[in-house]
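Enquirer: Could you have a look at this structure, given as structure tokens, before my questions?
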Amino acid sequence: MNRSTLSLLAAATALAALTGVAAITSPDTPATATPGTAAPARLPVERSSLLCPAPSSSEVAETAYTSFTPAGSGDKSTGKAEKTDKAELKPSAPSRDTTAAEDDDKQDGQQDEEKETEKAKPSAADKAVLTATTPGTPVSAEADGATAPALIGLASGRLAPGWTTQQTTLVPAGGARGLLGVSCTPPDTDFWFPGVSTAENRRDYVHLTNPDDTAAVVDIELYGPEGPLKSQLTDGIGVPAKSSVPVLLSTLTADPAATNVTAHVTTRSGRVGAAVQSAVDQLGSDWLTASTDPAATLVLPGIPADATSVQLVVYAPGEDDAEMKIQLMGPTGTITPAVQQSIRVKSGMTAAADLKDLTSGEAGSLLLSPAQAGRSTPVVAALRVIRGAGEKQEVAFVPATSPVGERGSIAGNTAKNTTLFLAATGKGDAEVKVTASAGTEGGTPATKTYTVKGGTTQAVTPPVPSGLKGAYALTVEPAPGAQVHAARMLTRKEGEVEMFTLQPLTDDGSHVAVPEARQDLTVLDR
């Protein structure tokens, strides 16, 4: 399996009106200001980065990428750099072989000029295969087979605020058959993956993608039902610069195979993107993205109405055990399912609950909260969801996710076979505006507003752009103060199997708090 090749998904655009690069912060956390000083201004981010894992090792895989930036956030940026607003998809291979370059250096000096000219020539690796220049209009590209590489993305200027990229892969046959979807994620240093497995009927690979110019070193710890699994790695996993490394989780431990495991991925140095590709015998395959940070209350949105099996996996990373209440937020309210009311999770161990036909024919979201008042133990969690029966079964994963916040977007939607799940966790009703963008090949945007009652989940067919051609993006904007979690389901029937994939929507981090700066020459005397 050759998955170390990498591509560069870069967006170079005009710089927004920021004085320096700002880190993305949570928009629903108000910035604090010293009394008597102005509160930090909230401005569009200058730069966003995303990482997409290598899509598949199957020769029959068909992969589509859709990249999108919502209109509005950074459209008022100014400066000469506006003329270069664009988003590009490029291979990251060097323009010339470094070994050959070293040999050239040993030749006579009269060849120096020829070598410099050769370096300046663009190679196939430098040619963009996907280019976008306008927020509000998605762009797409396709790749087939097992050699499609991982992608590194960079957006700046007008295309940075809210930038998202969807990677959707169809594998129609074979042991990894299925519809696999993943929203490409920003690089980080800490990831939790409850719901992975080292069992013989599972092939779970964690894909580690390094976007930087220096190597990263990654540690992967595995926790089963009895606690930590013995690791066969002591020096960490090296991920070279601008490269991607897939790691089969079952090879990391000599302990007996475990069906329900939690993987904790951290970096000793550098930063990476991480996502788990899971293939389950007789059930298909899909991506599992990281759970939101450990918390005492978690929401797992997007359980389809026709789910035939739902399995909950929870891990407690702290020093205390956790007793979690299990509730289902359905279309009419929040209920405690009869199949199981709570789950006990011992510290440092992974617990699982088979919720069987949890939904009873109604779409919903799972709500985990402390079973006892006054005891708030942070946990991480994910769901394994199965649709169909017998040989027609298909699997997908739902990680615990943070609220949408101000705005969230997801690309790669089609005119049919798209379902949007909206879950309101507050007591009151939540107004949610959903905007469908233009299509990658044409169409007029459309908007619809939904009212979601507190404690319920709505599964809706989202608006579709009129005259749609190609794929389009959805942007979800809850009313100020509304606590809404969201997920999107794509389906596709292949033969007799109704394949599907689920991706959560979170806040797009389009704005950051930038404190007011002023000149202070007195620091020179300190």
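The values are calculated or read from the model by the stated rules, or taken from the named source; none is laboratory data. These numbers were taken from a predicted model, which means no experiment stands behind them. All Cβ positions, even for glycine, are placed from backbone atoms using ideal geometry, and neighbour counts span all protein chains on display. Accessible surface areas use protein heavy atoms only, side chains included; no ligands, DNA or RNA. Shrake-Rupley method; radii C 1.70, N 1.55, O 1.52, S 1.80 Å.
Enquirer: Taking the criterion of being within 25 Å of the chain's Cα centre (by Cα) and farther than 21 Å from LEU502 by Cβ, would at least one residue in region 319-337 satisfy it?
Expert: No, region 319-337 has no match at all.
Enquirer: Additional query: Looking only at strands (runs of 3 or more DSSP E) that fall completely inside region 107-189, which ones have 2 or more residues that are surrounded by 24 or more Cβ atoms within 10 Å (Cβ to Cβ), among the basic types (Lys, Arg) and modelled with pLDDT of 75 or more?
Expert: Hits in region 107-189: none.
Enquirer: For region 335-356, which positions are part of a strand (DSSP E or B) and open to solvent by 60 Å² or more (accessible area, probe 1.4 Å)? Explain how you work it out, then say what you get.
Expert: Taking region 335-356 first, the residues part of a strand (DSSP E or B) are 335, 342-345, 347, 350-354.
Of everything in region 335-356, those that are part of a strand (DSSP E or B) and open to solvent by 60 Å² or more (accessible area, probe 1.4 Å) turn out to be ILE335, ARG344, ASP354.
Enquirer: Of these, THR457, THR449, which one is among the β-branched types (Val, Ile, Thr), more than 17 Å from GLY330 (Cβ to Cβ) and in a strand (DSSP E or B)? Even if it seems obvious, please write down each step before you answer.
Expert: Values: THR457 fails: more than 17 Å from GLY330 (Cβ to Cβ).
Only one candidate qualifies: THR449.
Enquirer: Out of SER67, SER49, SER92, SER56, report the one residue that is touching a Lys or Arg at 6+ places or on another chain (Cβ under 8 Å) and either modelled with pLDDT under 55 or not basic (Lys, Arg) (or both).
Expert: Details: SER67 fails: touching a Lys or Arg at 6+ places or on another chain (Cβ under 8 Å); SER49 fails: touching a Lys or Arg at 6+ places or on another chain (Cβ under 8 Å); SER56 fails: touching a Lys or Arg at 6+ places or on another chain (Cβ under 8 Å).
Residue meeting the stated conditions: SER92.
Enquirer: Can you name every residue in region 471-519 that is aliphatic (A, V, I, L, M), in a strand (DSSP E or B), open to solvent by 10 Å² or more (accessible area, probe 1.4 Å) and at pLDDT below 95?
Expert: VAL497, ALA513, VAL514
Enquirer: Taking the conditions exactly as written (under 24 Å from PHE68 (Cα atoms), out of contact with any helix residue (DSSP H, G or I) (no Cβ under 9 Å at 6 or more places or on another chain), in a loop (DSSP other than H, G, I, E, B) and of a type outside the set (Phe, Trp, Tyr)), does ALA415 satisfy them or not?
Expert: Here the answer is yes, as ALA415 does meet what is asked.
Enquirer: Can you confirm whether region 193-213 contains a residue that is touching a residue at least 60 places away in the same chain (Cβ under 8 Å) and surrounded by fewer than 14 Cβ atoms within 10 Å (Cβ to Cβ)?
Expert: yes
Enquirer: Continuing with the same structure: Give the residue that is surrounded by the most Cβ atoms within 10 Å (Cβ to Cβ), with candidates limited to residues of region 42-72 that are among the hydroxyl-bearing types (Ser, Thr, Tyr) and over 22 Å from THR133 (Cβ atoms).
Expert: SER56
Enquirer: Oh, and also: Tell me yes or no: at least one residue of region 434-455 is over 25 Å from GLY470 (Cα atoms), over 20 Å from the mean Cα position of the chain (by Cα) and modelled with pLDDT under 95.
Expert: The answer is no, given that none of the residues of region 434-455 is over 25 Å from GLY470 (Cα atoms), over 20 Å from the mean Cα position of the chain (by Cα) and modelled with pLDDT under 95.
Enquirer: What number of residues in region 429-446 are closer than 20 Å to GLY408 by Cβ, surrounded by fewer than 16 Cβ atoms within 10 Å (Cβ to Cβ) and not acidic (Asp, Glu)?
Expert: 1
Enquirer: Checking GLU391 against (1) among the acidic types (Asp, Glu); (2) in a helix (DSSP H, G or I); (3) over 21 Å from SER278 (Cβ atoms), only one condition comes out false. Which one?
Expert: (3)
Enquirer: Confirm whether LEU208 is within 20 Å of the chain's Cα centre (by Cα), hydrophobic (A, V, I, L, M, F, W, C) and modelled with pLDDT of 95 or more.
Expert: Yes.
Enquirer: Quick one: how many residues across region 241-271 are free of Cβ contacts under 8 Å to residues at least 40 places away in the same chain and under 22 Å from the mean Cα position of the chain (by Cα)?
Expert: The total comes to 1.
Enquirer: Also: Within region 310-324, identify whether any single residue is under 29 Å from LEU420 (Cβ atoms) and open to solvent by 70 Å² or more (accessible area, probe 1.4 Å), and answer yes or no.
Expert: No, because not a single residue in region 310-324 is under 29 Å from LEU420 (Cβ atoms) and open to solvent by 70 Å² or more (accessible area, probe 1.4 Å).
Enquirer: Scan region 360-383 residue by residue and report those that are open to solvent by 50 Å² or more (accessible area, probe 1.4 Å) and either in a strand (DSSP E or B) or on the phi > 0 side of the Ramachandran plot (or both).
Expert: The answer is SER360, GLY361, GLY374.
Enquirer: Please give the strands (runs of 3 or more DSSP E) falling wholly within region 218-301 in which 3 or more residues are open to solvent by 10 Å² or more (accessible area, probe 1.4 Å) and not polar (S, T, N, Q). Step through it out loud before you land on a result.
Expert: On the way: elements: 237-239, 243-248, 261-269, 273-280, 284-288.
Where strands (runs of 3 or more DSSP E) fall fully within region 218-301 and carry at least 3 residues being open to solvent by 10 Å² or more (accessible area, probe 1.4 Å) and not polar (S, T, N, Q), they are 243-248.
Enquirer: Within region 419-428, is even one residue surrounded by fewer than 19 Cβ atoms within 10 Å (Cβ to Cβ) and either under 25 Å from the mean Cα position of the chain (by Cα) or closer than 30 Å to PHE397 by Cβ (or both)?
Expert: Checked against the condition, which is being surrounded by fewer than 19 Cβ atoms within 10 Å (Cβ to Cβ) and either under 25 Å from the mean Cα position of the chain (by Cα) or closer than 30 Å to PHE397 by Cβ (or both), region 419-428 yields at least one hit.
Enquirer: Give region 302-311 a look and list any residue that's within 22 Å of VAL484 (Cβ to Cβ) and assigned to a strand (DSSP E or B), or say none.
Expert: GLY302, ILE303, ALA307, VAL310
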